[in-house]
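The values are calculated or read from the model by the stated rules, or taken from the named source; none is laboratory data. This one's a predicted model, so the numbers in the text were calculated from it and none came from an experiment. Every residue, glycine among them, receives a Cβ derived from its backbone with ideal geometry; neighbour counts consider all protein chains shown.
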Amino acid sequence: MPELPEVESVLQCLTTSNPSLIGRLVREVRILRDSVVEGDVNTVVQTVTGLTCYAVCRHGKYLFFGFQGHSASKRVWLALHLRMTGRLFLVPEQEIEERHTRFALLLDQGLALRFDDPRAFGRVWLVDDPSEVTSKLGPDALLIRQNTFLDRLHGTRRQLKPLLLDQSFVAGVGNIYADETLFRAQLHPARLSADLSSPEAERLYHALHGVLVQAVAAKGANIDGVFEAGSFPVAVYGRGGRPCIVCGTLIVKERLGQRGTHFCPVCQPLG
């Protein structure tokens, strides 16, 4: 599943590339699979058609596209979650559509924004403001300050891996970067947050921030070929039964909180 670094990579690609999505007029909204839209399909089509994209932002794993009319008095946001296999492409309109394209915006300058999703779990929906979604989430995991993170951490008594995956704690971390963060912090996934010493808690924060910064710079991780441009080097995720890159001990894969969890039993002792 795309996590914060992969979603940030999509955002940067759409806003910093040439051409950019910013400033593009929506000539037509094409819904190729009704289930991709949460809410009324016709409302999305009628509302967004004729508007111009003026902003794209991210919180956790969510993307938000801001659209406005000529006078800027009419503004609306399109929220999007890639879920497991969603991908966004800004391409020439004449380029042949992928077989799994679910949603598309036909734009001026002969461009199209296409949402491709083989598993068809991704969703888009209209909101008046991104806060309608983000208010239910914790702080963005890439932007959270150390003191805020430590305050939230000390207010819990939960196993570290499920806690990092809880989007109401911090938003954006999934299975890959939770495992990588805990390995870098040298903390066992089953350790309880309330039992961490101050140095361990600070180590966890710096590990999380460092992993995410590195992964964003690498355009995410290429897992199962979903994000082909991603080059983040995983140390433990998906490496069960293979030697630890630090000590050579075999990486363990266990179920924790109903999620596959990878860790080194020597570098990340439970006791």
Next item on the list: Looking at (1) surrounded by fewer than 14 Cβ atoms within 10 Å (Cβ to Cβ); (2) of a type in the set (D, E, K, R); (3) not in a loop (DSSP other than H, G, I, E, B), find the lone condition where Arg99 falls short.
Entry: (3)
Check: Where in the range 1-79 are there strands (runs of 3 or more DSSP E), lying fully within it, with 2 or more residues that are at pLDDT 95 or above and over 18 Å from Thr101 (Cα atoms)?
Finding: 52-59, 62-68
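Residue-wise test of (1) part of a helix (DSSP H, G or I); (2) more than 18 Å from Ile22 (Cβ to Cβ); (3) in contact with a strand residue (DSSP E or B) (Cβ under 6 Å, 6 or more places away or on another chain).
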| site | (1), (2), (3) |
| --- | --- |
| Arg114 | no, no, yes |
| Pro118 | no, yes, no |
| Glu132 | yes, yes, no |
| Leu137 | no, yes, yes |
| Leu150 | yes, yes, no |
Note to self: Suppose we filter the range 257-267 for residues that are within 26 Å of the chain's Cα centre (by Cα) and farther than 14 Å from Tyr237 by Cα; how many remain?
What the structure shows: 2
Next item on the list: Determine, yes or no, whether Gly86 is in the same structural domain as Asp40 (by TED's automatic domain parsing), of a type in the set (Gly, Ala, Ser) and crowded, with 20+ Cβ neighbours inside 10 Å.
Entry: yes
Margin query: Report every pair of residues separated by at least 6 positions or lying on different chains whose Cβ atoms are under 6 Å apart, first residue within the range 89-105 and farther than 9 Å from Asp117 by Cα and in contact (Cβ under 8 Å) with a residue 60 or more places away in the chain, second in a strand (DSSP E or B) and of a type in the set (D, E, K, R).
Written below: Ala104/Arg30; Ala104/Arg114
Note to self: Can you tell me how many residues within the range 129-176 are within 17 Å of Met1 (Cβ to Cβ) and out of contact with any helix residue (DSSP H, G or I) (no Cβ under 8 Å at 6 or more places or on another chain)?
What the structure shows: 5
Note to self: Anything in the range 118-128 that is buried (at least 18 other Cβ atoms within 10 Å of the Cβ) and in contact with a helix residue (DSSP H, G or I) (Cβ under 7 Å, 6 or more places away or on another chain)? List them, or say none.
What the structure shows: Gly122, Arg123, Val124, Leu126
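A quick yes/no check of all residues on (1) under 26 Å from Gly23 (Cβ atoms); (2) among the aliphatic types (A, V, I, L, M); (3) not assigned by TED's automatic domain parsing to the domain that holds Cys13:
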| site | (1), (2), (3) |
| --- | --- |
| Pro92 | yes, no, no |
| Phe121 | no, no, no |
| Val127 | yes, yes, no |
| Ala141 | no, yes, yes |
Next item on the list: Mind listing just one residue for me: the one in the range 163-197 that is among the hydroxyl-bearing types (Ser, Thr, Tyr) and in a helix (DSSP H, G or I) and, of those, surrounded by the most Cβ atoms within 10 Å (Cβ to Cβ)?
Entry: Tyr177
Next item on the list: Can you confirm whether the range 154-161 contains a residue that is surrounded by 20 or more Cβ atoms within 10 Å (Cβ to Cβ), aliphatic (A, V, I, L, M) and modelled with pLDDT of 95 or more?
Entry: yes
